[in-house]
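To keep things clear, I will list the structure first and then write my remarks on it.
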Amino acid sequence: MAHATAHIDEGHGSSQPVVHAQGQQHPIRLYLVVWGWLFVLSACSYLVDYFALQGLLRWGLILLFMMLKAGLIVAVFMHMKWERLALVYAIILPPAALLVFVAIMVAESDYTLLTRVLFLGGQ
């Protein structure tokens, strides 16, 4: 998804402006660095299983590595890094709000379970 821009050059003694079209180019080094980071994060995710980490540490690390990889992919390969801030907010804020609502539901479910155990005797 390349965005074309135009540059108008009115110099060189000409009465007609000259338009130079430019496309958006990203250096290959950027993509190679991102691929490297994705490889490192995937290796770290694999090491979580290799070292047999358990409990909240395991799931916290898996989710952290997953979110970092997804962020890199969205930012660079889906060109979100170069989009307008309003578009970024329109795409990023709804999933973030959903995560907040899921966290609220998890907290509420613990409270609901506690009240059922206390007042209904675990039925």
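The values are calculated or read from the model by the stated rules, or taken from the named source; none is laboratory data. What you see is a predicted model, and the numbers here were worked out from it, not measured in a lab. Counting neighbours? That spans all protein chains shown, and the Cβs are built from the backbone with ideal geometry, glycine included. Accessible surface is based on the protein model in full, side chains and every heavy atom, while ligands, DNA and RNA are left aside. Shrake-Rupley method; radii C 1.70, N 1.55, O 1.52, S 1.80 Å.
All distinct Cα pairs of the range 45-123 go into the 1/r average, and the inverse of that average, the Kirkwood radius, is 15.8 Å. Using a probe of 1.4 angstrom and keeping all protein chains present, the accessible surface of the range 62-123 works out to 80 square angstrom per residue. When only alpha carbons of the range 82-122 are considered, Rg and Dmax amount to 17.6, 56 Å.
With both labels modelled 7 Å from their Cα along Cα-to-Cβ, the PHE77 to LEU56 distance reads 3.2 nm. Here the range 22-76 is described by how far its Cα atoms reach on the three principal axes: 52, 16, 8 Å, from widest to narrowest.
Taking 7 Å steps out from each Cα toward its Cβ at ARG84 and VAL40 produces label points 3.5 nm apart.
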